[in-house]
Amino acid sequence: MAKEKINMPQLGESVTEGTISTWLVSPGDKVNKYDPIAEVMTDKVNAEVPSSFTGTIKELAAAEGDTIAVGELMCYIETEEKAEESKPSDKEVSEEKQEKTGEDAPSADQSMKKRYSPAVLRMAQENDIDLDQVNGTGRGGRITRKDIEKVIKSGNMPSPGGSHEHQGSKTDTADKIPSAPKAAAAKPAESMPGDIEIPVTGVRKAIAQNMVRSKQEIPHAWMTVEVDVTDLVNYRNQVKNEFKQKEGFSLTFFAFFVKAVAQAIKEFPQMNSTWAGDKIIQRKDINLSIAVAKDQELFVPVIKNADEKSIKGIARDIYDLAMKARSGKLTADDMKGGTFTVNNTGSFGSIHSMGVINHPQAAILQIESIVKRPVIINDMFAARDMVNLSLSLDHRVLDGLICGQFLARVKDILENTNKDNSNIY
Amino acid sequence: MPVMSYIQAVTSALKEEMKRDEKVFVLGEDVGKKGGVFRATDGLFDEFGEDRVLDTPLAESAIAGVGIGAAMYGMRPVAEMQFADFIMPAVNQIISEAAKIRYRSNNDWNVPITIRAPYGGGVHGALYHSQSVEAVFANQPGLKIVMPSTPYDVKGLLKASIRDNDPVLFFEHKRAYRLLKGEVPEDDYVLPIGKADIKREGSDITIITYGLCVHFALQAAEKLAEEGIDAHILDLRTIYPLDKEAIIEAAKKTGKVLLITEDNKEGSIIGEVAAIIAENCLFDLDAPVQRLAGPDVPSMPYAPTMEKFFMVNPDKVEKAMRELAEF
């Protein structure tokens, strides 16, 4: 018998922590290897954590709702395997530790201590420094030019034949060198008198983290097409009052766009993908995230299976989700499972923008303002309702060709949306 | 300031110079109606007409030769080699005629030609479409070789090249064409040929490079900054003649120098940079001068894995930088 630890596993690329949503076992329960022991929620996936051993659960190290970093302890289990068999893991740990201490103490290897570069030798001679008394921070204990510069700057130069006290203080300065640049790099912005400091918490923090991660991980590329939606605008304006009266909520332009995107994704499933390190996962369900802004917050609730819904159904979902967002009633379920994002930037009056992809999706489409513009048709000017659709794509997953075809299809659908061949029900 | 891609900066420099000086004209394969295979001359044919945007036969020797002749009679031709790899048939014209005529005629004649050529790999172009050829020309006094790394530098240096009274080879990295974007002033400005530019100030290690590798170095430097490694990056911009003063200053700054080129290592331009450092900086050096370059194989391979092996990339740069910093 041996007491083993079960740690939080790595549940996906870039996942750093998981929250225990439900424990599936309690202390005293017998489990087999690979049996699920807990449901864990991360910002990317919800998953069951399997047991790494066969045995009896001894102690849960975290409560439901606790967040545990990857590699940290979840629970203890008493295994039925013999103690010897479990030892390798202990050994690994201790070996790791040894390696780490090796790294932490560069002084161990001193093979380069007496190899002086021309710069170091010159500076030591010019300043009459006894190199034997200088600690090196370079590889193999080599004294670097920076080490000497530091010594000269400190004004505390160990001359040949200097006292031991001298030597002691010298060593201290030299030891501090490696940490100095790090501290400088991490220095945060300072605020001036009169500036307002706003603590970054909750949703703002999550937005910041997601945006940084998306921009750091995903090589963004961009593409914009312009679409003539004159017929769509006429159609919608014709029916909107009647619709509102009958259904009790508004028929927005955005619903038409979401519908067209869902339909086009059905034909170009590549758009509905996720980068997963060594593979690309193409999602079966078309769940469209839409961005909903509320004061200082931004939510991306999801219209599930958008391809199966009518324009009316989508309009209702948009209405419901927006109302929920504004009254703070969105649930985790409402935000889960998005596979592609449609962003109604036009509602802010934007006519062109480059969206940040909603990680881990592969693309985001910005629906810009519909603007009446002069357009040349058959060599004549015409006043047409034009709209720009701006796509940001994960260039690891998607290329220009497929995105161009996708956008062309969306354009085609929208330009052929009119009262004769479209149905909102 | 508008944000432009590297290739848009090429086009806008050409357009502005053609507007400014009617002696400026463009010639090359498919530069006219098609606007160039990379679309560097897009729109010039429509704006300036067939007399100033010339489609030539597939004969690089003629493109260079016609340009040199026109230049000697007072025109300012901008000749395009479709790929730098195709410049070889024109080498005799460029080296034997363009580079030497001022010297040979005791200043009676000069050749104000600019020869543009896209070079470099990383685009699955394999041989004939990926090579770096600058070293072939980099010991021919009389020639100048400009290899910019940013859209801003492209516009300022291409304008300077066109206005220069002697032949300039202007090599543009084809992968940078649409990869790199940056702010470019709309107004008229020129940058000095023969001057290197500090792209990042730092105190731990010095990187000296040019072209697309400048960006690899900048990317790696940002990453290493988090570990407290502070890189100083010098962009040569003009690789012949070299800005010796700037090279010496940058090398002395940290005493640890990494030289990077995408070209084959042996005989590449960075070997000359290393020699300048060796002649002038011995007592400031804190580590052996390091070179990161393509392997000494005849050409960029086609297989993606082998191309990756050949090409310099941010990971290789980061590794080389870290090793030097730790030395």
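The values are calculated or read from the model by the stated rules, or taken from the named source; none is laboratory data. Note that the coordinates shown come from a computational prediction; the quantities given were computed from them, not determined experimentally. Ideal geometry is used to build each Cβ from the backbone, glycine not excepted, and the neighbour counts take in all protein chains shown.
Kindly indicate whether A:PHE268 is within 22 Å of A:LEU321 (Cα to Cα) and either touching a residue at least 24 places away in the same chain (Cβ under 8 Å) or surrounded by 19 or more Cβ atoms within 10 Å (Cβ to Cβ) (or both).
no
Which ranges mark the strands (runs of 3 or more DSSP E) fully within segment A:312-425 that have 3 or more residues being hydrophobic (A, V, I, L, M, F, W, C)?
In segment A:312-425, the matching strands (runs of 3 or more DSSP E) lie at A:363-377, A:380-394.
Here is a list of conditions, (1) part of a loop (DSSP other than H, G, I, E, B); (2) out of contact with any strand residue (DSSP E or B) (no Cβ under 6 Å at 6 or more places or on another chain); (3) surrounded by 18 or more Cβ atoms within 10 Å (Cβ to Cβ), and B:ALA220 meets all of them except one; can you say which number that is?
Single failed check for B:ALA220: (1).
Of the numbered conditions (1) of a type outside the set (Gly, Ala, Ser); (2) out of contact with any His (no Cβ under 9 Å at 6 or more places or on another chain); (3) at pLDDT 95 or above; (4) surrounded by fewer than 19 Cβ atoms within 10 Å (Cβ to Cβ), B:ILE233 fails exactly one; give the number of that condition.
For B:ILE233, the exception is condition (4).
Please find, within segment A:124-157, the residue that is farthest from the other protein chains (Cβ to nearest Cβ) out of those that are in a loop (DSSP other than H, G, I, E, B) and touching a Pro at 6+ places or on another chain (Cβ under 6 Å).
Out of the qualifying residues, it is A:ASP130.
Quick check on this structure: which one of B:GLU249, B:GLU272, B:GLU262, B:GLU307 is acidic (Asp, Glu), part of a strand (DSSP E or B) and more than 14 Å from chain A (Cβ to nearest Cβ)?
Matching residue, one of B:GLU249, B:GLU272, B:GLU262, B:GLU307: B:GLU262.
For A:ILE286, state whether it is surrounded by 14 or more Cβ atoms within 10 Å (Cβ to Cβ), under 20 Å from A:GLU247 (Cβ atoms) and among the aliphatic types (A, V, I, L, M).
no
For A:LEU73, indicate whether it is modelled with pLDDT of 85 or more, under 12 Å from A:GLU4 (Cβ atoms) and either aliphatic (A, V, I, L, M) or not assigned by TED's automatic domain parsing to the domain that holds A:MET8 (or both).
Against the criterion (modelled with pLDDT of 85 or more, under 12 Å from A:GLU4 (Cβ atoms) and either aliphatic (A, V, I, L, M) or not assigned by TED's automatic domain parsing to the domain that holds A:MET8 (or both)), A:LEU73 qualifies.
Of all residues in segment A:107-123, which are crowded, with 18+ Cβ neighbours inside 10 Å and at the interface with chain B (Cβ under 10 Å from one of its Cβ atoms)?
Scanning segment A:107-123 gives A:TYR116, A:SER117, A:ALA119, A:VAL120, A:MET123.
Name the residue that is nearest to the other protein chains (Cβ to nearest Cβ), counting only residues in segment B:286-304 that are surrounded by 13 or more Cβ atoms within 10 Å (Cβ to Cβ) and among the hydrophobic types (A, V, I, L, M, F, W, C).
B:ALA287
For the structure I just gave you, tell me whether B:GLU201 is more than 21 Å from the chain's Cα centre (by Cα) and modelled with pLDDT under 95.
For B:GLU201, the condition - more than 21 Å from the chain's Cα centre (by Cα) and modelled with pLDDT under 95 - is not met.
Hey, can you tell me all the residues within segment B:206-226 that are within 14 Å of chain A (Cβ to nearest Cβ) and in contact (Cβ under 8 Å) with a residue 60 or more places away in the chain?
Listed by number, the residues that qualify are B:HIS215, B:GLN219, B:ALA221, B:LYS223, B:LEU224.
Out of all the residues in segment B:227-240, which are under 17 Å from B:LYS253 (Cβ atoms) and either assigned to a strand (DSSP E or B) or within 12 Å of another protein chain (Cβ to nearest Cβ) (or both)?
B:ILE229, B:ASP230, B:ALA231, B:HIS232, B:ILE233, B:LEU234, B:ASP235
Those residues that are in contact (Cβ under 8 Å) with a residue 12 or more places away in the chain and exposed (fewer than 13 other Cβ atoms within 10 Å of the Cβ), I need them from segment B:93-108; list them, please.
The one that is in contact (Cβ under 8 Å) with a residue 12 or more places away in the chain and exposed (fewer than 13 other Cβ atoms within 10 Å of the Cβ): B:TYR103.
Restricting attention to segment A:303-354, which residues are at pLDDT 90 or above and polar (S, T, N, Q)?
Correct list: A:ASN305, A:SER310, A:THR339, A:THR341, A:ASN343, A:ASN344, A:THR345, A:SER350, A:SER353.
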